[in-house]
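No value in this document is a laboratory result; all are computed from the given coordinates. Note that the coordinates shown come from a computational prediction; the quantities given were computed from them, not determined experimentally. Don't worry about glycine lacking a Cβ; one is built from the backbone with ideal geometry, like all the others, and counts go over all protein chains shown.
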Amino acid sequence: MNVLSERKDNSRITVDTLISEIKRLGKNPCCVGIDLTGSERRASGMCVLRGWNASLSLAHTDEELIRIVETADASLVSIDSSLGLPAGRCCVEDSCECRKYGIMRDCERILRKRGIRVYPTLIKSMQQLTVRGIRLAKVFREQGYEVIESYPGGTQDLMNIPRKKTEPALLKSGLSAMGFILYSDRDSINHDEIDALTSALVGYFYLSGWYEAVGNAREGFLILPDLSACP
């Protein structure tokens, strides 16, 4: 089945709906979303989502990202990056013998079969991002945070919201229509911050229990909203 032709109407899914369910489960509606880049030279989008309020910013270094997470008072971190390697791989290097095990994980194969565009974890342009994502996830978990892997583009497809490279203005308005209140200390909000908000939104679906874990434990699960579970 091609998921893009079978989208469920998500017009009733609001921040209120998610927050109510999260609180009903006795959890705190607070999550940090990170739209990670593969290099500290390029800014990563950051979103501290607390209740309805989404505080958006940019960060370059690992230290900056970690500091934002530590000051957010959230127990969940949602990262837009592969957080595991394909089964059999010991590293990301193309010159290593483990290259024979391929560059793609089960979660990516599953999404492609559903019609959701996704890059393989170890395609050349993704290798350093994967390394950085795995490293930061390890740091956060050692500090006691729960960490999930999110995919804003796939989430936007499922929720019938244009991706950032297609219609960034419509993406922003689509998320705002859900009830988010967006804040930024900069004059304008860029697409990386909006993807960080989408990552945090996935965190809300995860906290509410309305999510699907795609893939397997060995390679790492990718978390997507399960719209069929929403009331």
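General observations
- Each principal axis of the Cα cloud of the range 3-229 was taken in turn, and the coordinate range along them, longest first, works out to 50, 41, 35 Å.
- Most to least packed among 74-80, 155-161, 193-199 [average Cβ atoms within 10 Å]: 193-199, 74-80, 155-161
- Under the combined filter of DSSP loop state and at most 15 neighbouring Cβ atoms within 10 Å, the range 60-168 retains these trypsin sites (Lys or Arg not before Pro): R117, K165.
- R24 versus R67: modelled label distance in nm, points set 7 Å from Cα along the beta carbon direction: 4.0 nm
- Entry note, the chain: the mean residue ellipticity at 222 nm calculated from DSSP H runs of n ≥ 4, each adding -39500 (n - 2.57), is -10500 deg cm²/dmol after division by the residues and rounding to the nearest 500.
- Residues in the range 189-210 reached by a label modelled at Y119 [backbone nitrogen below 14 Å; 7 Å Cα→Cβ]: none
- Volume per residue of the convex hull around the Cα atoms, evaluated for the range 19-135, comes out as 137 Å³.
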